[in-house]
Amino acid sequence: MLKLQNVYKQLGEFHLKDINLEINSGEYFVILGPTGTGKTVVLELIAGMYHPDRGEIYFENENWLNTCPEHRGIGFVYQDYELFPHLTVKENIIFGLKIRKYSSTVINKKLNEMVEMFGIGHLLDRYPSTLSGGEQQRTALARALITSPKILLLDEPLSALDPRSKEVFQQELKRIHQTLKTTTLHVTHDFNEAMYLADRIGVMRNGEIAQVGTPEEIFRRPKDTFVASFVGIKNSLKVEQMAIK
């Protein structure tokens, strides 16, 4: 289990305010919210790119504030993929294994697993600048997953894709998660992604968690007017409870 406990972070004028979250092992958890609410900052705190000003981050009862980023076992895919432009697809994918000094036998075995999973054998000798958005996406995901991360962090991973490619990749992400069972945190402002992929959703508002629940709870039973408005509920009624005499 991944647990964020009263996590607070100030970045300039922005404040991430006392975030409390528990993500179960093997869960696909989506953080949903408007642009600028701190969704990416949450991922970067988990990855160790920032240190909380206060609060704790635990993974399986280990306090990650005492664990350096490279030892957290994180796979991270940003929305622009951040592939190394001077490396081939193959070199990008195996980069994490090489810096960890895996043997060539292990590297080749794991590479073949990623090639089979993503169907990218024909891309291995090409460079990122020659790839389509979908091909870059597959390469970035393969690079993140080849190290068998404890947690996969996805920051708006489908935002750069056209509608048809986005639909295909939603199906791809679900298939991969069902196969690998990797604990996944996926940041998005897209309702369809959240509905299709999430076991649970956390809705963010101005650096805070406004509501956590299943897709059914978020979209059918929003907690307050902000969540209702954000998820597209047009009409809401204020109800006053009357005492029964």
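The values are calculated or read from the model by the stated rules, or taken from the named source; none is laboratory data. What you see is a predicted model; the values in this text were computed from it and never measured. Methodologically, a virtual Cβ is constructed for each residue, glycine included, from the backbone with ideal geometry; neighbour enumeration extends over all protein chains shown.
Return only the number of the condition from (1) exposed (fewer than 15 other Cβ atoms within 10 Å of the Cβ); (2) under 23 Å from G207 (Cβ atoms); (3) modelled with pLDDT of 95 or more; (4) of a type in the set (V, I, T) that V106 does not satisfy.
(2)
So which of T35, T88, T40 is under 26 Å from T214 (Cβ atoms), touching a residue at least 12 places away in the same chain (Cβ under 8 Å), out of contact with any strand residue (DSSP E or B) (no Cβ under 9 Å at 6 or more places or on another chain) and not acidic (D, E)?
Among T35, T88, T40, only T35 is under 26 Å from T214 (Cβ atoms), touching a residue at least 12 places away in the same chain (Cβ under 8 Å), out of contact with any strand residue (DSSP E or B) (no Cβ under 9 Å at 6 or more places or on another chain) and not acidic (D, E).
This table checks each residue for (1) touching a Cys at 6+ places or on another chain (Cβ under 8 Å); (2) in the same structural domain as E156 (by TED's automatic domain parsing); (3) of a type in the set (K, R).
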site: I19; (1), (2), (3): no, yes, no
site: W64; (1), (2), (3): no, yes, no
site: E91; (1), (2), (3): no, no, no
site: K98; (1), (2), (3): no, no, yes
site: T105; (1), (2), (3): no, no, no
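I need the full set of residues from segment 135-165 which are among the charged types (D, E, K, R), in a helix (DSSP H, G or I) and in the same structural domain as D199 (by TED's automatic domain parsing), in order please.
Passing the criteria: only R164.
Where in segment 1-114 are the strands (runs of 3 or more DSSP E), entirely inside, with at least 3 residues that are more than 27 Å from P128 (Cα to Cα)?
The qualifying strands (runs of 3 or more DSSP E) are 2-11, 14-23, 28-32, 54-59.
Here is a yes/no grid of residues against (1) surrounded by fewer than 17 Cβ atoms within 10 Å (Cβ to Cβ); (2) within 27 Å of K174 (Cα to Cα):
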residue: H15; (1), (2): yes, no
residue: F29; (1), (2): no, yes
residue: P34; (1), (2): yes, yes
residue: D53; (1), (2): yes, no
residue: E82; (1), (2): yes, yes
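Only one residue in G73, G12 is more than 30 Å from L124 (Cβ to Cβ) and either in contact (Cβ under 8 Å) with a residue 12 or more places away in the chain or more than 15 Å from the chain's Cα centre (by Cα) (or both), so which one is that?
G12 is the lone residue from the list that is more than 30 Å from L124 (Cβ to Cβ) and either in contact (Cβ under 8 Å) with a residue 12 or more places away in the chain or more than 15 Å from the chain's Cα centre (by Cα) (or both).
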